1. List, in order, the whole-Hz ³J(HN,Hα) value for each residue of segment B:249-261 obtained from phi through the Karplus relation with A = 6.51, B = -1.76, C = 1.60 and θ = phi - 60°; use x for Gly and Pro.
2. Counting only other chains, and only Cβ atoms inside 10 Å, what mean value do you get across the residues of B:1-9?
3. Please work out the FRET efficiency for the pair B:Phe6 and B:Tyr429, using the Cβ-Cβ distance as r and a Förster radius of 22 Å; give the result to the nearest 0.05.
4. Determine which lysines satisfy two conditions relative to B:Lys339: a Cα distance under 16 Å, and not lying fewer than 8 residues away in the same chain.
5. Determine Rg/Rh for segment B:233-370; Rg is computed over alpha-carbon atoms and Rh is the Kirkwood hydrodynamic estimate from the same atoms.
6. Once you put a point 7 Å from the Cα of B:Lys107 and another 7 Å from the Cα of A:Thr70, both along the Cβ direction, what distance in nm separates them?
7. Compute the distance from the alpha-carbon center of segment A:129-153 to that of segment A:75-119, in whole Å.
8. State, to one decimal in nm, how far the label point of B:Arg358 lies from the label point of B:Phe196, with both points 7 Å from Cα in the Cβ direction.
Amino acid sequence: MLKMSKLAKAYYTDTVKTQALQPFDLEVKQGEFVAVIGPSGSGKTTFLNIAGLLEDYCEGQYTLDGKDVTGLSDKQKSRLRNEKIGFIFQGFNLIPELNLFDNVEMPLRYRSFSASERKQRVMDALQQVGLASRKDHYPQQLSGGQQQRVAIARALAGSPAFLLADEPTGNLDSKMADGIMSLLKDINAKGTSILMVTHDTEQASQAQRIIEIRDGVLSERHAPEQAIA
Amino acid sequence: MLTYYFKLAWLSLRKTPLLSMLMVSTIALGIAAAMVTYTVSYMKTKDPLPGKSDRVFTVQLSVWGPDQPYLMVDGQEEIPEMVSYRDAKNLKAAGKAQRESALGLFKMMSRAEEQTQRDSQMRMIRTTHNDFFAMFDVPFLYGGAWSEQDDRAGNRVVVITKALNEELFGGVNSVGRHIVLGDSLMQVVGVMDDWFPIPKFYYLSSHAYRDPESIFAPLEYQINQEIFSRNDVTWACWQDIEDVSFSDFMASDCVWLFYWVELESDANRAQYMDFINAYVEQQKQAGRFARENLSRLFTIEEYLRWAKVLSNENDMAVWLAFAFLLACLLNCMSLMMTKFYGKGSEIGLRRAVGASRRDICWQFLCEAFLVGLFGGVLGLLFAQLGLQLVQQIFTYLNATIMQMDLRIMLMTLGLSVVTSILFGLWPIYRAAQIQPSSQLKSL
């Protein structure tokens with residue numbers, strides 16, 4: 001599903017080279033729920049940006065759903081992002097002037113779906129997160145937890161192969177966070193792979209696998225005992 | 001997809017009403033200033049006689065005395081722009097042009113026959129030959145020009161303007177009815193339709209943007225009636241004319257008439273000039289035209305340029321106005337830069353969920369288009385107000401030169417949209433370059 005071989009990332013300034021990620025291998029299979037943990041500044045976000053095709057890597061190979069993404073054009077990468085990846089962000093990233101329907105519909109607008117199919121997909125996604133009845137509301141009329149559910153619906157609407165979640169509960173209280181985690185687990189149970197960055201070890205322990213990044217070095221922790229069912 | 005982009009553009013403009021208003025008003029102001037200046041300049045300089053302005057000429061003759069030139073301009077001798085009655089009569093009698101008319105002017109009290117003496121008003125009377133109307137493509141509402149016979153005999157006939165016909169006769173067909181001109185009862189033979197040649201090229205440059213006279217009468221009528229007031233019209237003499245009689249004045253070299261000819265084509269210009277030179281030579285033999293022969297023909301445009309009716313000042317004003325527009329556009333560009341940069345996180349998000357750079361460009365192009373369109377509409381409104389203001393200030397000018405025609409209105413909208421997009425390109429390009437990964441934490 002997602003395969004990275006000897007992938008590495010470095011940033012260059014005039015005189016200094018900063019190795020953000022040391023060369024690593026990683027494979028995530030269809031249906032897996034993988035947590036990525038590590039302290040601040042360890043390279044988690046860089047890893048996630050590379051996985052989400054938002055940032056280029058310096059060396060190695062990255063295959064997404066069987067397709068090598070090395071050297072793809074901006075347009076090709078945009079298309080791949082649109083079709084294969086659903087993003088969930090810590091800050092929800094909903095557009096305030098669009099209602100829930102329009103927010104969820106956004107990724108579908110960049111694909112050639114008919115209006116009726118778009119509507120069907122948006123309503124299905126909103127249904128899945130339990131907010132179909134509030135499709136005409138605006139983000140600011142919802143609680144944080146509900147906003148994150150809308151963001152999840154937006155990520156799901158295009159039926160992506162996997163979800164990339166960057167601290168999805170970071171801005172929520174524990175009760176709301178539990179709700180979001182349980183929603184993510186439900187989604188994963190239906191076959192969508194999830195790659196989730198978190199620094200909450202308790203949440204990470206709910207994943208099937210845990211990848212730890214420390215000073216740019218990726219390592220796999222042994223499988224937690226309490227993996228999700 | 002385009003409708004989606006326009007919807008986003010509209011929402012985006014509504015989200016920041018103040019900034020949007022500022023952008024739209026900035027463009028509107030620039031567009032209005034540019035278009036007010038352009039309109040006045042365009043209307044002032046457009047061809048007043050489309051289709052034949054290159055074969056209609058005014059004749060200027062070297063009729064002046066031996067002692068000193070008519071005028072010296074920049075060290076060059078100038079000749080009068082007007083001709084004497086004597087020469088006008090000779091040229092007309094020679095009949096070498098397809099059409100030709102002398103143009104005189106006098107001022108007199110006038111009224112409809114039915115009106116009382118008290119209703120009389122002082123009006124300018126244009127005296128000319130009947131060719132005037134055909135030569136200058138004057139449209140008629142009722143009747144037409146007077147006949148050649150009327151010209152020769154100086155009959156008491158007039159052609160009046162549509163406006164005067166409204167005033168005196170309530171707009172009905174007044175052909176056959178009479179107006180009183182001083183002591184004469186003049187029969188109306190024609191009522192002109194709307195006719196506002198801009199500039200009014202056929203007489204003195206100082207009259208170029210005034211309305212045409214409201215009454216036209218045969219030149220010979222003026223001569224027969226011995227009407228000539230030295231205080232009311234422009235004239236010049238090199239001879240001493242103190243205490244000369246009317247007939248002596250008319251036989252003198254005093255200039256007070258414009259003379260216009262229409263030739264079959266501009267190719268006949270040289271031929272007609274040969275005739276003029278021959279005429280001057282003949283007059284020299286008879287003891288007139290003592291100076292070097294500088295006689296010439298001017299097309300309408302040549303005359304207007306020579307008389308400085310058309311000048312580079314017009315162009316200069318337009319350039320200045322467009323420079324102001326440029327300043328406004330640069331201002332708007334920086335506002336757009338601020339606006340689009342402020343949307344960095346939205347751009348990041350859209351890029352993340354699958355929008356390509358091109359998609360982002362289209363979205364913001366639509367926004368720049370809307371800013372331009374609204375700016376254009378508001379600019380048109382401002383321009384109308386501006387033109388009305390100009391009209392109030394320059395009341396002596398013909399109001400027609402301060403009106404936008406459809407072409408200029410469409411041009412205004414087009415200019416506004418095109419320039420907004422053009423000056424939006426850089427902000428749009430910059431916006432599309434925003435790295436999504438740098439923005440996603442901050443929406």
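1. Per residue, the Karplus-derived 3J(HN,Hα) values read 4, 5, 8, 7, 8, 5, 9, 7, 10, 8, 10, 10, 10 Hz.
2. Going residue by residue through B:1-9 and averaging, the value is 2.
3. Working: r = 20 Å, r/R0 = 0.92.
E between B:Phe6 and B:Tyr429, to the nearest 0.05, is 0.60.
4. Of all the lysines, those that pass the test against B:Lys339 - Cα under 16 Å, at least 8 places apart if same chain - are B:Lys15.
5. 1.46
6. Those two pseudo-labels are separated by 9.5 nm.
7. 15 Å
8. 5.1 nm
Every number in this text was worked out from the coordinates using simple rules, so none of it is lab data. Bear in mind that the values here come from a model prediction, so they are computed numbers and not experimental data. FYI the Cβ positions are ideal-geometry reconstructions off the backbone, even for glycines, and counts take in every protein chain you see.
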